[in-house]
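Student: One structure follows; several queries about it will come next.
The values are calculated or read from the model by the stated rules, or taken from the named source; none is laboratory data. Quick caveat: nothing in here was measured; it's all calculated off a predicted structure. Positions of Cβ are backbone-derived with ideal geometry, glycine not excepted, and every protein chain shown enters the neighbour counts. Heads up: the accessible areas ignore ligands, DNA and RNA and are worked out on the full protein's heavy atoms, side chains in. Shrake-Rupley method; radii C 1.70, N 1.55, O 1.52, S 1.80 Å.
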Amino acid sequence: MAVNEKKRGRPAGKQSQLNAENILETAKCLMKMNGKVPSVRLLATELNVDPMAIYYYFKNKNALLEALTTSLVTDIYQPQKNSEWQAELKRLCVSYIQLLREYSGLLQTMLSMTSHGPAHVFTERYQVIVAPLALNKKVEKDGLDLLADYLHGFAFSTSCCSDASLIKLEMMDGPITLICRSLETA
């Protein structure tokens, strides 16, 4: 009977291909494939390491979850300064929805987290886009909250629909235009 030899304990320096980036990339692939955050055990199996080796790079499962979700959200659209802010806001929103569609378990995972890393990424990009409006902090935050609630509702409706192709990205045009108009007049 053959035994699958796993590398036990701490990774062996330069000989090991294991690092935080490889762990996150593998976790992303598994999440895309399975529609949920992989367990540390599944991740370790996929990487052919002992589960404790992952904890060498991430203090605990929450630290791994934070790094994974933040890494995913970092891939959304990066706004361009000095561009038309309404178009930039739409690009950001579409990019975010596409990410949530690609990783079907991501929204539920982010909403269940106590940390704010992924939300911070989106917030920073939103703030860059609306900066030309010179909104007061309350209006800026209210606009962000409204936009986030709308986007999460849109993503949720997509995930609940038996035929996700019925919910098209163009359906966001009217609501995002309305949000933009409300920000302009604030």
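Student: In a Debye calculation with equal point scatterers on the alpha-carbon sites of the chain and no solvent, what is log10 I(q)/I(0) at q = 0.10, 0.13, 0.17 Å⁻¹?
Tutor: -0.50, -0.75, -1.07
Student: Given labels modelled 7 Å from the Cα in the Cβ direction, how far is it in nm from ALA186 to ARG101?
Tutor: Going by the 7 Å Cα→Cβ label model, 2.7 nm.
Student: Assuming 0.890 mPa s and 25 °C, estimate D for segment 60-126 with Stokes-Einstein, Rh taken as the Kirkwood radius over Cα pairs, in µm²/s. Please report the intermediate quantities before stating the final value.
Tutor: Details: Rh = 12.5 Å.
Rounded, D is 197 µm²/s.
Student: In deg cm²/dmol, rounded to 500, what helix-only [θ] at 222 nm does the chain give when every DSSP H run of at least 4 residues adds -39500 (n - 2.57) and the total is split over its residues? If you can, show how the numbers build up before the last one.
Tutor: Numbers: 9 runs with 119 residues, N = 186.
That calculation yields -20500 deg cm²/dmol at 222 nm.
Student: Using a Förster distance of 30 angstrom, determine the FRET efficiency expected from the C-beta separation of GLU21 and ALA164, and round it to 0.05. Mind dumping the intermediate values first?
Tutor: Details: r = 31 Å, r/R0 = 1.03.
Efficiency for this residue pair is about 0.45.
Student: If you place +1 on the Cβ of every Lys and Arg, -1 on the Cβ of every Asp and Glu, and leave all else neutral, what size is the dipole of the chain about its Cα centre, to the nearest 20 Debye?
Tutor: 700
Student: Between LYS61 and MET171, with labels modelled 7 Å along Cα→Cβ, what's the label distance in nm to one decimal, could you check?
Tutor: Label at LYS61, label at MET171, 3.3 nm between them.
Student: Would you be so kind as to identify which of MET172, HIS120, THR26 lies farthest towards the positive end of the dipole of the chain, taking Lys and Arg as +1 and Asp and Glu as -1 on Cβ and the Cα centre as origin?
Tutor: The listed residue farthest towards the positive side: THR26.
Student: Further, regarding this structure: If you find the alpha carbon centre of segment 155-186 and of segment 71-97, how far apart are they in angstrom?
Tutor: 15
Student: I would also like to ask the following. Above 16 Å lies some portion of the pair distances; for segment 9-106, what is it as a whole percent of all C-alpha pairs?
Tutor: Working: 2816 of 4753 pairs.
For segment 9-106, the fraction of Cα-Cα distances above 16 Å is 59 percent.
Student: What full-extension length gain, to one decimal in nm, is calculated for TYR150 and MET52 as 0.36 nm per residue of separation minus the Cα-Cα distance? List each step's numbers first, then the result.
Tutor: Working: separation 98, 0.36 × 98 = 35.28 nm, distance 3.97 nm.
Between TYR150 and MET52, full extension yields 31.3 nm more.
Student: Which value, in Å², gives the accessible area per residue of the chain when a 1.4 Å probe is used on the protein heavy atoms? It would help to have the intermediate numbers written out before the result.
Tutor: Details: 11060 Å² over 186 residues.
The answer is 59 Å² per residue.
Student: Follow-up. Can you compute the label reach from VAL128? Point 7 Å from Cα along the Cβ direction, backbone N cut-off under 17 Å, restricted to segment 47-88.
Tutor: 70-88
Student: Kyte-Doolittle mean at least -0.5 and Cα extent at least 18 Å along the axis: which DSSP H helices of the chain qualify?
Tutor: Working: long enough: 20-34 (21 Å, -0.03); 61-74 (19 Å, 0.66); 85-102 (25 Å, -0.09); 117-130 (20 Å, 0.21); 137-160 (34 Å, -0.09).
What comes out of the filter, once short or polar helices are dropped, is 20-34, 61-74, 85-102, 117-130, 137-160.
Student: What does the charge add up to near LEU65, with Lys and Arg as +1, Asp and Glu as -1, over the other residues with Cβ less than 14 Å from its Cβ?
Tutor: Values: positive: LYS28, LYS36, LYS59, LYS61; negative: GLU66.
Summing Lys/Arg as +1 and Asp/Glu as -1 gives +3.
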